[in-house]
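Reviewing the structure listed below.
The values are calculated or read from the model by the stated rules, or taken from the named source; none is laboratory data. What you see is a predicted model; the values in this text were computed from it and never measured. Using ideal geometry, Cβ is built from the backbone for each residue, glycine included, and neighbour counts are taken over all protein chains shown. Just the protein is used for accessible areas: all its heavy atoms, side chains included, with ligands, DNA and RNA removed. Shrake-Rupley method; radii C 1.70, N 1.55, O 1.52, S 1.80 Å.
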Amino acid sequence: MSKLWGGRFTKQTDQLVEEYTASIMFDKELAEEDIQGSLAHVAMLGKCGILPEEDVEKIREGLLKVQGLIRRGEIEFSVSDEDIHMNIEKTLIDEIGPVGGKLHTGRSRNDQVATDMHLYLRKRVVEFVGLLGKLQEALLTQAKANLDTIVPGYTHLQRAQPILFAHHLMAYVSMFERDIERLQDSYKRINVLPLGAGALAGTTFAIDRHFVAQQLNFDRVYENSLDAVSDRDFIIEFLSNAAMVMMHLSRFCEELVLWSSTEFHFVELDDAFCTGSSIMPQKKNPDVAELVRGKTGRVYGNLFGLLTVLKSLPLAYNKDMQEDKEGMFDTIRTMQGALQLFAPMVETMKVNKERMRQAVNQDFSNATDIADFLVNKGLPFRQAHEVIGKTVLYCIQNNKYLLDLSLDEFKQFSDLFDDRIYEVLQPQQVVNARNVYGGTATVQVEAAITRAEQALEQTVAWVDEYSKKCK
Ligand code: ARG
């Protein structure tokens with residue numbers, strides 16, 4: 001069969017060239033959006049009097065027929081038709097005859113493919129906000145169940161100060177909140193219509209771009225036709241936002257791997273989210289956490305891949321841009337998989353409260369609090385720091401923890417110590433003493449949970465509203 005663009009050519013395309021330049025193998029993913037865009041385009045051609053209504057109706061019916069064929073898997077896409085746009089147009093012409101050839105009036109594949117990508121990505125962005133909300137929900141459930149769980153907080157992976165485990169989990173809720181905000185904000189840059197830019201310069205037909213934008217629920221149309229067909233910023237921005245989400249997940253993964261080790265034994269991941277070893281019968285491996293951590297690499301790779309494709313690319317459309325798709329699809333699949341697994345994995349995770357409490361009782365993470373105790377008695381903080389440093393050293397040399405010391409032993413280091421020190425050193429007291437906005441005191445964490453639940457309600461409402469808008 002001849003090419004849709006075959007007129008100017010005297011020779012058949014080399015077989016290898018055909019295969020090398022085709023994108024149908026992956027851009028068939030855009031079939032729904034391609035038809036959606038075409039339906040809006042042809043409606044506009046009718047409304048502007050560029051095509052007679054009877055042609056518009058034939059093309060519309062034809063497009064719906066093609067849509068049905070694709071949905072039922074009844075189309076064999078062909079590499080010789082290169083991409084999804086020409087495969088659909090070809091099928092349309094096969095179905096309704098030469099009138100199908102009128103669809104491409106006033107349009108180019110350059111503004112067409114860009115439109116498809118905008119339509120496609122805005123749906124995914126809304127879905128990702130929903131998935132992140134689900135993960136926050138799982139984290140909040142665990143946080144509420146662990147308002148009484150005290151765990152060492154770390155800096156440099158050394159025990160630093162005791163915190164509520166709920167507080168630790170809420171840090172991730174905050175990170176994912178920023179991810180949600182970034183994705184929501186990106187929607188306004190994705191939701192811009194390129195169609196009508198033609199190949200690069202606009203079109204000679206008296207089209208109405210704003211009508212198409214309205215049909216497709218785009219808030220705006222691109223201001224500049226060259227920019228419209230050659231802008232891939234919105235995809236790079238998405239890949240960057242995805243990289244940030246995966247980076248956050250990978251940090252959590254790393255903690256889950258550590259926490260589920262025998263050495264920590266802070267949590268136990270549910271059997272359904274772990275796998276075994278083919279040789280060592282005792283093993284239960286946190287594969288999901290490891291793999292999400294590992295897959296973060298490919299998501300970064302996709303971001304750098306596309307940044308590099310676009311680097312130094314002259315205006316306007318260049319075939320290089322076809323390389324925007326596979327990385328984007330891959331990032332979407334990778335992140336969908338990660339988020340879908342993560343929420344239930346967090347929700348079903350067993351928290352070993354006893355083990356965490358033991359850890360807190362057997363460390364020096366309450367040292368700052370006795371320093372603060374001395375400060376409250378009037379000692380300058382720097383001197384208090386020195387006194388406690390010496391006290392801790394004494395403990396280490398004598399195989400004791402601070403709570404094991406007698407008052408006489410304390411008094412060797414400063415006569416400002418009194419009985420109340422034993423109360424000040426209790427982990428619960430240490431935690432609740434940090435009663436500052438954003439701190440780990442129980443009341444503060446409870447308030448943080450309430451705020452996060454309110455934010456989550458708004459996120460759910462946003463997803464509800466935008467999943468209708470982006471259809
Ligand atoms: N398959 C192409 C892409 O994804 C569609 C646009 C092709 N335009 C062109 N002039 N060859 O970028």
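Taking LYS47 as the anchor, which aspartates and glutamates have their alpha carbon closer than 18 Å to its alpha carbon, excluding any fewer than eight residues away along the same chain?
Candidates past the 8-residue exclusion: ASP55, GLU57, GLU61, ASP208.
Please report the spacing between the Cα centers of segment 1-65 and segment 138-187 in Å, no decimals.
49 Å
Packing-wise, with mean Cβ within 10 Å as the measure, how do 164-172, 359-367 rank, highest first? The partial results should precede the final answer.
Numbers: 164-172: 22.7, 359-367: 19.6.
Those peptides, ordered most packed to least, come out 164-172, 359-367.
What FRET efficiency, computed as 1/(1 + (r/R0)^6) with R0 = 41 Å and r the Cβ-Cβ distance, is obtained for ILE279 and LEU258, rounded to the nearest 0.05? Present the calculation step by step, with values, prior to reporting the outcome.
Details: r = 23 Å, r/R0 = 0.57.
In this case the efficiency is close to 0.95.
Against the longest principal axis of the chain, how steep is helix 109-145, in degrees 0 to 90 to the nearest 10, with axes from Cα atoms?
The helix 109-145 is inclined about 20 degrees to the chain.
Normalised by the residues of segment 205-332, what does the relative contact order come to in percent, with Cα pairs under 8 Å and at least six apart? Mind showing how you got there, number by number?
Working: 115 pairs, mean separation 37.9, N = 128.
Taking the mean separation of contacting Cα pairs over the length of segment 205-332, I get 30 percent.
In whole angstrom, and with the biggest value first, how far do the Cα coordinates of the chain range along each principal axis?
The Cα atoms of the chain stretch 100, 51, 39 Å along the principal axes, largest first.
Quick check: Cα centre of segment 221-259 to Cα centre of segment 409-434, how many Å?
48 Å
Which value, in Å², gives the accessible area per residue of the chain when a 1.4 Å probe is used on the protein heavy atoms? Walk me through the numbers before you get to the answer.
Details: 22730 Å² over 471 residues.
I get 48 Å² per residue for the chain.
If the cut-off is 17 Å between C-alpha atoms, which aspartates and glutamates fall inside it for LYS11, apart from same-chain ones fewer than 8 positions away?
GLU19, ASP81, GLU82
May I ask you to compute the full-extension gain from GLN428 to ARG382, defined as 0.36 nm times their residue separation minus their alpha-carbon distance, rounded to one decimal in nm?
Details: separation 46, 0.36 × 46 = 16.56 nm, distance 2.53 nm.
My answer for the length gained is 14.0 nm.
Using modelled backbone amide H atoms (1.01 Å from N, in-plane), which distant-in-sequence or interchain residues come within less than 5 Å of ALA160's amide H?
Answer set, sorted by chain and number: GLY153, TYR154, THR155.
Using only the alpha-carbon atoms, how far is helix 84-96 inclined from the longest principal axis of the chain? Give it as 0 to 90 degrees, nearest 10.
40 degrees
To the nearest µm²/s, what D does Stokes-Einstein give for segment 168-233 at 25 °C and 0.890 mPa s, using the Kirkwood radius over alpha carbon pairs as Rh?
On the way: Rh = 13.8 Å.
Rounded, D is 178 µm²/s.
Enumerate the aspartates and glutamates that LYS283 could reach by cross-link, defined here as Cα to Cα under 12 Å, with residues fewer than 8 away along the same chain left out.
ASP271
In degrees, nearest 10, range 0 to 90: what is the angle between the Cα axis of helix 325-347 and the longest Cα principal axis of the chain?
With rounding to tens, the tilt is 40 degrees.
If I model a spin label as a point 7 Å beyond the Cα along the Cα-Cβ vector, how far apart are those points for VAL392 and LYS123 in nm?
5.6 nm
Between LYS411 and GLU446, what length in nm is gained on full extension when 0.36 nm per residue of separation is reduced by their alpha carbon distance?
8.9 nm
As a test of the formula, what do you get for the chain when each DSSP H run with n ≥ 4 contributes -39,500 (n - 2.57) and the sum is divided by the residue count, at 222 nm and rounded to the nearest 500 deg cm²/dmol?
On the way: 19 runs with 289 residues, N = 471.
-20000 deg cm²/dmol, from helical runs alone.
Output the relative contact order of segment 342-471, whole-number percent, from Cα pairs under 8 angstrom with separation of 6+ residues. Write down the numbers at each step before the final one.
Details: 80 pairs, mean separation 22.9, N = 130.
Over segment 342-471, the number comes to 18 percent.
I'd like the accessible area for LEU306, computed on protein heavy atoms only with a 1.4 Å probe and all protein chains in place. Round to 10 Å², please.
Roughly 10 Å² of LEU306 is accessible to a 1.4 Å probe.
Which FRET efficiency value, to the nearest 0.05, is calculated for SER174 and ASP418 with the Förster distance at 41 angstrom and r the Cβ-Cβ distance?
With a Förster radius of 41 Å, E is 0.60.
Using Cα pairs under 8 angstrom and six or more residues apart, how large is the relative contact order of the chain, in percent?
17 percent
Taking 0.36 nm per residue of sequence separation and subtracting the Cα-Cα distance, how much length would be gained by fully extending the chain between ASP208 and GLU53, in nm to one decimal? Intermediate results must be reported in sequence, preceding the final value.
On the way: separation 155, 0.36 × 155 = 55.80 nm, distance 1.61 nm.
Gain in length upon complete extension: 54.2 nm.
Mind giving me the nanometre distance, one decimal, between the label points for LEU16 and GLN454, set 7 Å out from Cα along Cα→Cβ?
6.5 nm
For the pair ASN217 and ASP94, what calculated FRET efficiency results from E = 1/(1 + (r/R0)^6), where r is the Cβ-Cβ distance and R0 = 51 Å, to the nearest 0.05? List each step's numbers first, then the result.
On the way: r = 30 Å, r/R0 = 0.60.
It comes to 0.95.
For the chain, what is the charge dipole size about the Cα centre, in debye to the nearest 20, if Lys and Arg each add +1 at the Cβ and Asp and Glu each add -1 at the Cβ? It would help to have the intermediate numbers written out before the result.
Values: 52 positive and 68 negative charges, 64 e Å.
Around 300 debye, computed over the chain.
What residues qualify as long-range amide H neighbours of LEU193, i.e. H under 5 Å apart, gap of 5 or more or another chain, H built at 1.01 Å from N?
Those qualifying (amide H under 5 Å, at least 5 residues apart or on another chain) are ARG220, VAL221, TYR222.
Please list the non-local residues whose amide H lies under 5 Å from the amide H of CYS470, H modeled 1.01 Å from N, same-chain partners needing a gap of 5 or more.
none
What list of ³J(HN,Hα) values in whole Hz, one per residue of segment 206-215 in order, does the Karplus curve 6.51 cos²θ - 1.76 cosθ + 1.60 (θ = phi - 60°) give from phi, with Gly and Pro shown as x?
Running phi through 6.51 cos²θ - 1.76 cosθ + 1.60 with θ = phi - 60° gives 7, 7, 10, 5, 5, 5, 4, 4, 5, 4 Hz.
Keeping the other protein chains in place, figure out the carbon and sulfur percent of the accessible area of the chain, with a 1.4 Å probe. Present the calculation step by step, with values, prior to reporting the outcome.
Numbers: 11860 of 22730 Å².
Answer for the chain: carbon and sulfur cover 52 percent of the accessible area.
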